[in-house]
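Everything on this sheet refers to the single structure shown next.
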Amino acid sequence: MAKTSKAAPRRTASAGKAKPSAAKSAMDVVKLARDPARPHIFDYIREICADFTELHGDRLVNDDRALVCGFAQIGPRKVLLCGHNKGATVEENMAANFGMANPDGYRKAMRLMALAEKFRLPVVTFVDTPGAYPGREAEERGQAEAIAKSIEFMGALKTPVVCVITGEGGSGGALAVAVGDRILMLENAVYSVISPEGCAGILWRDGAKAPEAAAALKITAPDLKKLGVVDSIIPEPAGGAQKNPKAAAAAVKKAVLAALAELDGIAPADFPALRYGKFSAMGRFA
Amino acid sequence: MSWYVKPETPAKIPPAKALWEICPRCRAYVPRKEWKDNGSICPRCNYHGRLKARERAELLSDAGTFKEMFREVSYSDHLSFRDASGPYVEKVEAAIGKTGETESILTGSAAMGGIPVALGAMDFAFMGGSLGTGTGERIARLCEFAMEERRPLVICSASGGARMQEGILSLMQMAKTAAAVRRVKDAGLPYISVLTDPTTGGVSASFAMLGDINITEPRTLIGFAGRRVIENTIRQKLPADFQTAEYLLDHGFADSIVERRELKAFIVKMLHYFGF
Ligand SMILES: [Zn+2]
């Protein structure tokens, strides 16, 4: 008892002193990525899109507010834009399940992606979700099938796809709209197979060990770039995107347009094989 | 009658555990040999017990035709991951020692009713059947093999989901395997997915749900989110049959529930319909 209480504060104090303010821990980044003040999908749309025409519904049961889709004008480009919506007010949070999509959301996105493909429009997705919604209706309506189908469907799209991880990239619910030719990631976003809290609960048997899990999972932009999962990192204004949403949105716009330009000239029919090559290389060992 | 139910005795470890299987559902004591000879199905209540990958492969293949492939593809510790109880490498090596498998899916060639197929079977005993980079790579290679030899693809899943010790790269295996099975289907070949107990998380949300035909066994657990996570989110108790094979069939996400004894014949019949 005496031993642990002696050792613990010393460790914390020295860690606090030794760490320069520039070196954020993985958990610090998680907190930034989840900051409610961070720009939301409609903030980005307002700053980036000269026009955004939202289209609703999966033509089956619902219009999922957690995933917003519509045609958009970004600079000189006409695209389909799909993005998670966490909501900016309490009412919106509730309506959008804090950005946790139901099967209806993924099915709406697929319906509109097919339309984009038909008219040769690129697809741009903004990812910011704690994960797919864990609910009874979600399971009844086939959450697993919807995510599986969306992942498969995006992989096979014969049109350019650019994905931006803007905040929280939460597991399958994020990947369901993040299968693209270019994966961009904001500097303070995270992207993970499981939440640090969930991982800590299982592997550390203690949710409070989330900071350790966050570090071990390697979920920050620089780590993901090293692992080959992310193509480029979009720098954020000093202090994070929430300090200067306009500047953050401008950086996102620039990066999206650059990524789309890189994909110009690729024959639509070639995209599925290129995407398969990209994703099948992830985690491959010699 | 070769099985019996111990009346009222609280679950103590039976003295001769090696000789008996206790049915998790009806608590019948079944001689281990009889349990195995019966396909790990309880003779009393028809509970379908979990099979090892090799048992599953043998169950579906014509006798002596299963030949393992891609055994050299194993796990990879890209993250140098360690948690409270030690490094990932130690855990996965322990799983290899325990199961004799080198990844959570066994892949190979086989004949089913005389039809050459590409066959995969996951092993839940191997780290909960989790989807790691090695698992994804084996599935991708199995798909390529199916396409090269114009064989139907049959994959039996059994998994708790992605392997978190391989971090984001395990998540990416969902995209890799979904694209791989899509290529098989686009090549005009059938993909039969057999969802076995349990198939959840990132595996149900990728290749397992993408079969041309999705079949399962009675009372198999299939779902995306865990029951407890959902109950904590919606603050409601869920129905007893929630996320069972029967529940999936009722909601339109399984083509058929097939008894284990009929499974091979069912798949072969489907392949006959598809012209094989
Ligand atoms: Zn039984």
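Annotations for the structure displayed:
- Selection within segment B:210-232: residues that are farther than 16 Å from A:GLY142 by Cβ and in contact with a Lys or Arg (Cβ under 9 Å, 6 or more places away or on another chain). The member of this set that is nearest to the other protein chains (Cβ to nearest Cβ) is B:GLU231.
- Residues of segment A:133-151 satisfying the condition of being more than 7 Å from chain B (Cβ to nearest Cβ) and crowded, with 24+ Cβ neighbours inside 10 Å: A:TYR133, A:ALA138, A:ALA146, A:SER150
- Residue under evaluation A:GLY283, criteria (1) within 14 Å of another protein chain (Cβ to nearest Cβ); (2) at pLDDT 95 or above; (3) crowded, with 16+ Cβ neighbours inside 10 Å, criterion not met: (2)
The rows are residues; the columns are (1) buried (at least 22 other Cβ atoms within 10 Å of the Cβ); (2) at pLDDT below 95; (3) of a type in the set (A, V, I, L, M); (4) more than 14 Å from the chain's Cα centre (by Cα).
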residue: A:VAL90; (1), (2), (3), (4): no, yes, yes, yes
residue: A:MET100; (1), (2), (3), (4): yes, no, yes, no
residue: A:PRO103; (1), (2), (3), (4): yes, no, no, yes
residue: A:MET154; (1), (2), (3), (4): yes, no, yes, yes
residue: A:GLY169; (1), (2), (3), (4): yes, no, no, no
residue: A:ALA174; (1), (2), (3), (4): yes, no, yes, no
residue: A:ARG182; (1), (2), (3), (4): no, no, no, no
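- In segment B:20-36, residue nearest to the ligand (Cβ to nearest atom) [restricted to those that are part of a strand (DSSP E or B) and touching a residue at least 24 places away in the same chain (Cβ under 8 Å)]: B:ALA28
- Those residues of segment B:37-60 which are among the basic types (Lys, Arg) and either in contact with a His (Cβ under 7 Å, 6 or more places away or on another chain) or within 11 Å of the ligand (Cβ to nearest atom) (or both), in sequence order: B:ARG44
- Some residue of segment A:253-270 being in contact (Cβ under 8 Å) with a residue 24 or more places away in the chain, closer than 30 Å to B:GLY132 by Cα, surrounded by fewer than 20 Cβ atoms within 10 Å (Cβ to Cβ) and among the basic types (Lys, Arg): no
- Which listed residue, of A:LEU274, A:LEU227, is in contact (Cβ under 8 Å) with a residue 40 or more places away in the chain and over 22 Å from A:GLY173 (Cα atoms): A:LEU274
- Lone unmet requirement of (1) touching a residue at least 24 places away in the same chain (Cβ under 8 Å); (2) out of contact with any Pro (no Cβ under 7 Å at 6 or more places or on another chain) for A:LEU217: (2)
- For A:GLU212: the one exception among (1) within 27 Å of B:ALA180 (Cα to Cα); (2) at the interface with chain B (Cβ under 9 Å from one of its Cβ atoms); (3) surrounded by fewer than 23 Cβ atoms within 10 Å (Cβ to Cβ): (1)
- Scope segment B:162-209; condition more than 20 Å from A:GLN143 (Cβ to Cβ) and in contact with a Cys (Cβ under 7 Å, 6 or more places away or on another chain); matching residues: B:ALA180, B:ARG183, B:VAL184, B:VAL194
- Wholly within segment A:126-206, helices (runs of 4 or more DSSP H) carrying at least 3 residues that are in contact with a Gly (Cβ under 8 Å, 6 or more places away or on another chain): A:143-155, A:171-175
- Within segment A:165-191, residues that are closer than 12 Å to A:GLY155 by Cα sit with their Cβ atoms under 8 Å from residues that are surrounded by fewer than 24 Cβ atoms within 10 Å (Cβ to Cβ) and of a type in the set (Phe, Trp, Tyr), at 6+ positions apart or across chains, in these pairs: A:ASP181/A:PHE271.
- Members of segment A:105-119 that are surrounded by 23 or more Cβ atoms within 10 Å (Cβ to Cβ) and hydrophobic (A, V, I, L, M, F, W, C): A:ALA109, A:MET113, A:ALA116
- Selected residue [part of a loop (DSSP other than H, G, I, E, B) and within 7 Å of chain A (Cβ to nearest Cβ)] from B:LEU238, B:LEU169, B:LEU189: B:LEU238
- If the condition is being surrounded by fewer than 24 Cβ atoms within 10 Å (Cβ to Cβ) and part of a loop (DSSP other than H, G, I, E, B), then segment B:90-119 contributes B:GLY100, B:GLU101, B:THR102, B:GLY113, B:GLY114.
- Residue within segment B:105-119 that is touching a strand residue (DSSP E or B) at 6+ places or on another chain (Cβ under 8 Å), within 22 Å of B:ALA178 (Cβ to Cβ), within 14 Å of chain A (Cβ to nearest Cβ) and modelled with pLDDT of 95 or more present: no
- Residue count for segment B:172-186 under the criterion of being facing chain A (nearest Cβ under 8 Å) and surrounded by 24 or more Cβ atoms within 10 Å (Cβ to Cβ): the result is 9.
- Checking B:ALA94 against (1) of a type outside the set (Asp, Glu); (2) farther than 30 Å from B:LEU153 by Cβ; (3) within 16 Å of the ligand (Cβ to nearest atom); (4) under 21 Å from the mean Cα position of the chain (by Cα), the condition it does not meet: (3)
- Restricting segment B:197-221 to residues that are in a loop (DSSP other than H, G, I, E, B) and hydroxyl-bearing (Ser, Thr, Tyr), the residue that is farthest from the chain's Cα centre (by Cα): B:SER206
The values are calculated or read from the model by the stated rules, or taken from the named source; none is laboratory data. Fair warning: this is a prediction, and the values are worked out from it, not measured in the lab. Every residue, glycine as well, gets a Cβ built from its backbone with ideal geometry; the counts of neighbours run over all protein chains shown.
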